Amino acid sequence: MKPGRRPTPTHLKVLRGNPGQRALPTNEPEPDAPSNVPDPPDFVSGYAADEWYTVSEQLHRLGLLTVVDYPSLAAYCVAYGEWRTAREALARMASNDPIMKGLIIKSRYGDAVQNPLVTIARKAAGDMVRYASEFGFTPAARTRLATDFGGSAQPGKFAGLLAG
């Protein structure tokens, strides 16, 4: 793998309006895009399947979902399902523990330890954010997407300053 920044897929550059104004590559591989929104794999169920249907519909609409993206999308959705399940379990525990909100529990030896659900939720949230950034789900990634696909960009306030 090359050192440095990971390259941005051409399709995302087009959606962002090609901010660097560099020539777009013409030889980038283009995997097959599904003709309609795919169903989740069998192992994606519950909250993860709900997220699959929500996210895959949007990715398909934007033309960002291809058949080779299914495993990564499934991993994102499974992480979402784990995170939501752990957070709901913690919320139930918090209702019975007004002081520590379920964040600390007693071990079998009577010591206070961090609730394993906290670790599960944290790790799943970290996985979700990593996958989300790959698909452009984060707020920062969305702000870089162009909202006017056909219009010309308005020059900035200081566009002519350096041009001479």
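Every read-out reported here was derived from the displayed coordinates using simple, explicitly stated rules and does not represent laboratory data. Everything numeric here is computed off the predicted structure, so don't read it as measured data. Cβ atoms come from the backbone with ideal geometry, glycine included; neighbour counts cover every protein chain shown.
Would you kindly calculate the translational diffusion coefficient of segment 41-143, applying Stokes-Einstein with the Kirkwood radius from alpha carbon pairs, for 10 °C and a viscosity of 1.306 mPa s, and quote it in µm² s⁻¹ without decimals?
Stokes-Einstein gives a translational diffusion coefficient of 105 µm²/s.
In segment 41-143, if the dipole is taken from +1 on Lys/Arg beta carbons and -1 on Asp/Glu beta carbons about the Cα centre, which of Leu117, Tyr131, Gly46 is farthest to the positive end?
Positive-end residue among those listed: Leu117.
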